[in-house]
1. Could you compute how fast the protein assembly as shown diffuses translationally, taking Rh as the Kirkwood radius over C-alpha pairs and applying Stokes-Einstein at 20 °C with viscosity 1.002 mPa s? Give it in µm² per second.
2. Taking a 20 Å limit on the Cα-Cα distance, which of the listed pairs A:LYS135/A:LYS160; A:LYS103/A:LYS135; A:LYS135/A:LYS225; A:LYS70/A:LYS148; A:LYS103/A:LYS185 fall beyond it?
3. Determine, from the Cβ-Cβ distance of B:LEU11 and A:THR198 and an R0 of 45 Å, the FRET efficiency 1/(1 + (r/R0)^6), rounded to the nearest 0.05.
4. Give me a single rounded figure for A:51-57: the average over its residues of other chain Cβ atoms within 10 Å of their Cβ.
5. With a 1.4 Å probe and all protein chains kept in place, how much accessible area does A:GLU157 have, in Å² rounded to the nearest 10?
6. Search the structure for amide H atoms under 5 Å from the amide H of A:ALA164, placed 1.01 Å from N in the peptide plane, and list their residues when 5 or more places away or on another chain.
7. To the nearest 10 Å², what's A:MET139's accessible area with a 1.4 Å probe?
8. Gaussian network model of chain B, Cα springs within a sub-10 Å range: biggest mean-square fluctuation belongs to which of B:GLY145, B:GLY172, B:GLY32?
Amino acid sequence: MTNDVQVEAPQAPPDATPTFAMLRTLGGISLISGLLVVLAYQFTLPIIAENQRVRTEQAVFRVVPGAVTKRDFVLTDAGLAPAGEGVQGELIYAAYDAADQLKGVAITGVGNGYAGPVTVLFNYDPACQCIVGSKILQMTETPGFGDKMETDPAFLENLKALDAKLNADGTALINPIVTVKNGSKTHPWQIDAISGATLSSNAMGKAANTAAQRAAPAIQRDLAKLTAANHTGQD
Amino acid sequence: MAELPKHQEDLSLDTFVRGLWKENPVFVMLLGMCPTLAVSNSAINAISMGLATTFVLAGSGALISWLRNWIPKQVRIASYIVIIATFVTIVDYAIQAISLDLYAALGAFIQLIVVNCIILGRAEAYASQQRLVPTLVNSLGIGAGFTIALFALGSVREILGSGTLFGLHLFGAGFQPWVVMVLPPGGFFVLGAWLLLFNWIKQRGERRADAPTGVPANAR
């Protein structure tokens with residue numbers, strides 16, 4: 001093809017931007033960005049850590065009524081280990097009353113609901129081997145339907161004495177915790193679903209079951225560590 | 001860099017005020033719809049998101065305006081995005097430090113401020129051409145306009161959908177919340193209603209301005 005039909009006046013080519021100018025600008029801006037981000041991170045880190053500590057503590061004390069202190073433990077393959085010594089794993093929280101008596105153990109479970117994961121903190125009572133309370137930490141369930149799990153008195157009644165007894169080997173629950181259709185609860189390890197919010201109710205059942213299946217065997221095996229924690233633990 | 005001389009705006013009250021009404025990012029320019037619809041389900045979420053966006057607008061606008069003569073146009077988008085992302089990260093940490101509950105309520109929409117078109121639009125159309133102080137004032141005006149718009153949506157949705165405002169119960173126990181208002185469709189309903197109101201007021205104002213001379217401007 002030729003350009004012999006071109007009628008427009010030829011335009012002067014744009015000034016070439018030096019490569020150095022582009023590199024200098026992007027490098028300089030990245031440096032400023034790095035400094036600002038690191039500064040913000042370092043400044044807020046202790047405040048955020050404290051916020052998280054207070055939030056966990058409040059949740060544990062709310063789910064275990066009468067508790068005034070708590071100790072954190074980690075679920076490991078070898079059993080329970082005190083948290084904060086570089087041990088990785090799921091945390092459980094042993095809660096004690098003013099007389100240093102173990103009031104309950106807060107354990108976390110997650111179940112998939114209608115609109116995403118539902119994270120719940122349960123109060124596991126080692127003496128009766130049952131779940132005696134719950135608090136939803138995070139959920140995105142539909143307002144007016146799924147969020148009734150927090151407010152519906154009949155549903156919350158399910159979580160006041162939910163059977164979580166271990167089998168003879170102490171490795172798993174005798175009867176897995178399950179959610180059943182609204183109005184058909186017959187056993188203490190069943191959760192009666194909320195009518196109209198079945199998927200959310202199922203999430204609560206799954207959360208309770210996974211929490212108890214994972215934590216209850218370790219808690220029962222190492223119960224001595226929990227009851228002795230306040231006398232031997234760090235203060 | 002050899003740049004064409006650009007129109008430099010003089011600082012005036014209009015630099016700030018036009019963001020509230022004439023160039024309101026939500027009600028006039030229809031920008032930033034993603035956070036507008038998603039986090040306006042309660043008044044406190046709406047105000048928090050508005051303030052967070054205002055901070056990013058002002059911070060990134062100021063830095064871009066300050067550096068405008070050093071940013072070659074070939075790398076300007078990359079530069080703007082890095083600057084905007086920096087301020088979004090700062091605001092992300094700040095909200096976690098202020099309240100973890102608020103942070104959980106706003107969710108991913110804090111990080112999504114990076115791609116909020118109000119901010120990149122302002123950087124490209126205003127901050128990259130204007131001096132520092134007018135940019136700062138204009139950004140604060142646009143931010144205030146965005147915050148007011150979000151509050152307009154958030155307060156109506158919270159009152160109708162939860163029967164509360166800032167968490168305080170407004171009605172008696174007999175009130176049946178209009179739950180759809182706090183769900184995504186409610187965001188569209190309330191936004192549509194506000195746009196209707198805004199356009200009606202605007203058109204009424206224009207009709208008055210066009211009214212034949214001899215009729216007093218304030219005649220009804």
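1. 81
2. As for pairs spanning more than 20 Å Cα to Cα, those are A:LYS135/A:LYS225; A:LYS70/A:LYS148; A:LYS103/A:LYS185.
3. Result of the calculation: an efficiency of 0.15.
4. What the average comes to for A:51-57 is 2.
5. Here the accessible area works out near 110 Å².
6. HN-HN under 5 Å from A:ALA164: A:CYS130, A:ILE131.
7. Per-residue accessible area (A:MET139): approximately 50 Å².
8. Per the Cα network of chain B with a 10 Å cutoff, B:GLY172 tops the list.
The values are calculated or read from the model by the stated rules, or taken from the named source; none is laboratory data. Note that this is a predicted model, so its numbers are computed, not measured. We place every Cβ from the backbone using ideal geometry, glycine too, and count neighbours over all the protein chains shown. Each accessible area value is taken on the protein alone, full model and side chains, heavy atoms only, with ligands, DNA and RNA left out. Shrake-Rupley method; radii C 1.70, N 1.55, O 1.52, S 1.80 Å.
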